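Asker: Here it is, the structure, as structure tokens.
The values are calculated or read from the model by the stated rules, or taken from the named source; none is laboratory data. Fair warning: this is a prediction, and the values are worked out from it, not measured in the lab. FYI the Cβ positions are ideal-geometry reconstructions off the backbone, even for glycines, and counts take in every protein chain you see. Just the protein is used for accessible areas: all its heavy atoms, side chains included, with ligands, DNA and RNA removed. Shrake-Rupley method; radii C 1.70, N 1.55, O 1.52, S 1.80 Å.
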Amino acid sequence: MNRIKALFQQKEKNILSVFCTAGYPEINSLVPILEALQNNGVDMIEIGMPFSDPTADGPVIQYSNTIAIDNGMMLKVLFQQLKGIRAKIHIPLVLMGYINPAMQYGMENFFKDAHHCGIDGIIIPDLPMYEYEQIYKSQFEKYQLENIFLITPQTSIERIQKIDEMTNSFIYVVSSNSITGSKSDNTVAQIQYFQRIKEMQLKNPTVIGFGIKDKSTFDTACAYANGAIIGSAFIQAIDKSNDLKTDISKFIQQIKA
């Protein structure tokens, strides 16, 4: 069974997923970060594939992308670092990023190498649904990778229902129409949106992301979904860290306290 599916069968609530940018803060930081996150009880990890123009991301993740690229991170290096990672990491791993680097790498090679590294799912926000259906769905299935769709407050009920039909892992619920790293706490409009999605009783689990930054926002999100994703706040927590293991432990324990 895919590790993502197994996770949601074993743990239905309070799923903690953390986003990190490959190659940040140092070129060889990824594996130690994955180990520290797993050791501190994180349920799932999203690995960001650095891109020079991450339009959906705020300044914090944009900054981490720039540093990672300057450090020499690219998909070839990322897959080299992830080779054999399943000897150490047993929790679900998801790649997240834009389609351009994958296309430059070669989509078939991208899917194949992701599979061989033990990646469970892929989030490509700028992959149109019709292209997924007509071109890439068969490749996702061939390499046993889950395609994870995003929905926003502007996503129609019909599209959400279609995404639910095509999904076999979880649905990424973007908390607002803003970029990642939003500083605002959960607003009344966001809570109403979360409630509306919850009441749809989708067949797939939902995980809320964008603007989840501390225990309070995590707990609120988990009241309406199966879990939540923390990205920008984690990137800030390890920025210029001299002791990743300690700083990651401190950050995660504050969320889980």
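Asker: Kindly list, by first and then second residue, each pair from a residue in the stretch 238-257 that is within 14 Å of Cys20 (Cβ to Cβ) and charged (D, E, K, R) to a residue that is open to solvent by less than 80 Å² (accessible area, probe 1.4 Å) and at pLDDT below 95, limited to pairs with Cβ atoms under 6 Å and residues at least 6 apart or on different chains.
Answerer: From residues that are within 14 Å of Cys20 (Cβ to Cβ) and charged (D, E, K, R), the pairs are Asp247/Ser241.
Asker: Test Ala228 against the criterion of being surrounded by fewer than 18 Cβ atoms within 10 Å (Cβ to Cβ), out of contact with any Leu (no Cβ under 6 Å at 6 or more places or on another chain) and of a type outside the set (Lys, Arg), and give yes or no.
Answerer: No; evaluated as a whole, the condition is false for this residue.
Asker: If I filter the stretch 207-220 down to residues being touching a helix residue (DSSP H, G or I) at 6+ places or on another chain (Cβ under 7 Å) and surrounded by 23 or more Cβ atoms within 10 Å (Cβ to Cβ), which single residue comes out as modelled with the lowest pLDDT?
Answerer: So, considering only residues that are touching a helix residue (DSSP H, G or I) at 6+ places or on another chain (Cβ under 7 Å) and surrounded by 23 or more Cβ atoms within 10 Å (Cβ to Cβ), the one modelled with the lowest pLDDT is Gly211.
Asker: Still on this structure: Counting only residues that are in a helix (DSSP H, G or I) and over 24 Å from Phe149 (Cβ atoms), which one in the stretch 80-115 is most open to solvent (accessible area, probe 1.4 Å)?
Answerer: Per the criteria, the residue is Gln80.
Asker: Please list, ordered by residue number, the strands (runs of 3 or more DSSP E) wholly in the stretch 147-257 having 2 or more residues that are under 17 Å from the mean Cα position of the chain (by Cα) and not aliphatic (A, V, I, L, M).
Answerer: Fully inside the stretch 147-257 and qualifying: 206-209.
Asker: I'd like the full set of residues that are open to solvent by 20 Å² or more (accessible area, probe 1.4 Å) and outside any loop (DSSP other than H, G, I, E, B), limited to the stretch 20-63.
Answerer: Val31, Pro32, Glu35, Gln38, Asn39, Pro59, Val60, Gln62, Tyr63, listed by residue number.
Asker: Quick check on my filter: what residues within the stretch 24-56 are out of contact with any strand residue (DSSP E or B) (no Cβ under 9 Å at 6 or more places or on another chain) and of a type outside the set (Val, Ile, Thr)? Walk me through how you get there before you give the answer.
Answerer: Step one: of the stretch 24-56, the residues out of contact with any strand residue (DSSP E or B) (no Cβ under 9 Å at 6 or more places or on another chain) are 25-28, 31-32, 35-36, 39-40, 51-53, 55.
Result: Pro25, Glu26, Asn28, Pro32, Glu35, Ala36, Asn39, Asn40, Phe51, Ser52, Asp53.
Asker: Something else: Which residue, of Asp57, Asp70, is under 21 Å from Gln236 (Cα atoms) and under 17 Å from the mean Cα position of the chain (by Cα)? Please lay out each step first, then the result.
Answerer: Values: Asp70 fails: under 17 Å from the mean Cα position of the chain (by Cα).
Result: Asp57 is the single residue among Asp57, Asp70 that is under 21 Å from Gln236 (Cα atoms) and under 17 Å from the mean Cα position of the chain (by Cα).
Asker: Of all residues being touching a Ser or Thr at 6+ places or on another chain (Cβ under 7 Å) and either open to solvent by 80 Å² or more (accessible area, probe 1.4 Å) or farther than 19 Å from Gly211 by Cα (or both) in the stretch 171-193, which is modelled with the lowest pLDDT? Just the residue, please.
Answerer: Per the criteria, the residue is Asp185.
Asker: Let me ask something else about it. Give all pairs with beta carbons closer than 6 Å in which a residue from the stretch 6-30 that is in contact (Cβ under 8 Å) with a residue 40 or more places away in the chain meets a residue that is of a type in the set (Ser, Thr, Tyr) and crowded, with 22+ Cβ neighbours inside 10 Å; count only pairs at least 6 apart in sequence or on separate chains.
Answerer: Close Cβ pairs (under 6 Å, with a partner that is of a type in the set (Ser, Thr, Tyr) and crowded, with 22+ Cβ neighbours inside 10 Å) amount to Thr21/Ser64; Tyr24/Ser64.
Asker: Whether any residue in the stretch 70-77 is surrounded by fewer than 17 Cβ atoms within 10 Å (Cβ to Cβ), out of contact with any His (no Cβ under 6 Å at 6 or more places or on another chain), under 28 Å from Ala221 (Cα atoms) and not aromatic (Phe, Trp, Tyr) is what I want to check.
Answerer: The answer is no, given that none of the residues of the stretch 70-77 is surrounded by fewer than 17 Cβ atoms within 10 Å (Cβ to Cβ), out of contact with any His (no Cβ under 6 Å at 6 or more places or on another chain), under 28 Å from Ala221 (Cα atoms) and not aromatic (Phe, Trp, Tyr).
Asker: On to the next question. Among the residues of the stretch 125-138, which ones are of a type outside the set (Phe, Trp, Tyr) and crowded, with 17+ Cβ neighbours inside 10 Å?
Answerer: Listed by number, the residues that qualify are Pro125, Leu127.
Asker: Right, here's the next one. Given the conditions (1) open to solvent by 30 Å² or more (accessible area, probe 1.4 Å); (2) in a strand (DSSP E or B), and given that Ile122 satisfies all but one, which numbered condition is not satisfied?
Answerer: Against the list (1) open to solvent by 30 Å² or more (accessible area, probe 1.4 Å); (2) in a strand (DSSP E or B), Ile122 comes up short only on (1).
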